[in-house]
Amino acid sequence: MTGSSSSRRFDARQVFQWLSYLQYPAMLVALYYVASPFFTGLDGLLEALNNALLYAGVGIGMSSLQDPTRTQNEVSRKVWEDPRKGYWMLWLLTVQALLPILLGLAGTALAASTALSQLSLGLVAFGLGMIGLLKTAIEMREHHRRDRQVAAQDTTVLEKAA
């Protein structure tokens, strides 16, 4: 009876993992908005780019719901296990998060037209999505770093010997 109650238990981590797959439809919608001006003679380019940035920001934000104890692929695993590669990846993600936010805020304040102001808000939304991804990347680095895993195993072995 205890086995059935534990299998029915609400696992929030798994629910968020499933919700993270909503990133794919959002990114497809963003791709649609990026491509659509090329089929209409670039009519509504700024509006389409704004929509693309909004949907990409939401998609990237949804990807931050994934379980940080798992990696998505072999390349990701190799990056997060290596302390040096992980360090540089975190810096790259930090720049990719903060730059659109700063440009978007400056653009919103300085924009002469409504279209540019809207595009600037799209940049802010994209940057906020990247901040969510940065948070997940920090957690992934903490979970997967080989140098910390070895140190934790050595501590455990020493504690067992004592």
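The values are calculated or read from the model by the stated rules, or taken from the named source; none is laboratory data. What you are looking at is a predicted structure, and each value in this text was computed from that prediction instead of being measured. Here Cβ is always computed from backbone atoms with ideal geometry, including for glycine, and neighbour counts include all displayed protein chains. What goes into the accessible areas is simple: the full protein's heavy atoms, side chains included, and nothing from ligands, DNA or RNA. Shrake-Rupley method; radii C 1.70, N 1.55, O 1.52, S 1.80 Å.
What is the one condition in (1) touching a Pro at 6+ places or on another chain (Cβ under 8 Å); (2) touching a residue at least 40 places away in the same chain (Cβ under 8 Å) that ALA48 does not satisfy?
Result: ALA48 passes all but (2).
Pull up region 27-63, narrow it to residues that are open to solvent by 30 Å² or more (accessible area, probe 1.4 Å), hydroxyl-bearing (Ser, Thr, Tyr) and over 15 Å from LEU123 (Cβ atoms), then point me to the one that is modelled with the highest pLDDT. Before you say what the answer is, go through the steps one by one.
Of all residues in region 27-63, those open to solvent by 30 Å² or more (accessible area, probe 1.4 Å) come to 27-29, 31-35, 38-47, 49, 51, 53-55, 58, 62.
Then drop every residue that is not hydroxyl-bearing (Ser, Thr, Tyr), which leaves 32-33, 40, 55.
This time we only want the ones that are over 15 Å from LEU123 (Cβ atoms), so: 32, 40.
Numbers: TYR32: 97, THR40: 90.
Checking each candidate, the answer is TYR32.
Test each condition in (1) closer than 24 Å to GLU47 by Cβ; (2) at pLDDT below 95; (3) of a type outside the set (Phe, Trp, Tyr) for PRO68 and report the one that comes out false.
Condition (1) is where PRO68 drops out.
What number of residues in region 71-124 are closer than 23 Å to TYR33 by Cα and either touching a strand residue (DSSP E or B) at 6+ places or on another chain (Cβ under 7 Å) or among the β-branched types (Val, Ile, Thr) (or both)?
Within region 71-124, residues that are closer than 23 Å to TYR33 by Cα and either touching a strand residue (DSSP E or B) at 6+ places or on another chain (Cβ under 7 Å) or among the β-branched types (Val, Ile, Thr) (or both) number 4.
Being hydroxyl-bearing (Ser, Thr, Tyr) and open to solvent by 70 Å² or more (accessible area, probe 1.4 Å) is the filter here; which residues of region 64-97 pass it?
Pass one, region 64-97, residues hydroxyl-bearing (Ser, Thr, Tyr): 64, 69, 71, 76, 87, 94.
Of everything in region 64-97, just one residue is hydroxyl-bearing (Ser, Thr, Tyr) and open to solvent by 70 Å² or more (accessible area, probe 1.4 Å), namely TYR87.
Filter region 100-122 down to residues that are of a type in the set (Ser, Thr, Tyr), open to solvent by less than 80 Å² (accessible area, probe 1.4 Å) and part of a helix (DSSP H, G or I), then give me how many there are. Please lay out each step first, then the result.
As a first pass, look at region 100-122 and keep what is of a type in the set (Ser, Thr, Tyr): 108, 113-114, 117, 120.
Now narrow it down to the ones that are open to solvent by less than 80 Å² (accessible area, probe 1.4 Å): 108, 113, 117, 120.
Keeping just the survivors that are part of a helix (DSSP H, G or I) gives 108, 117, 120.
So the answer is 3.
May I ask you to verify whether TYR24 is surrounded by 15 or more Cβ atoms within 10 Å (Cβ to Cβ) and part of a helix (DSSP H, G or I)?
For TYR24, the condition - surrounded by 15 or more Cβ atoms within 10 Å (Cβ to Cβ) and part of a helix (DSSP H, G or I) - is not met.
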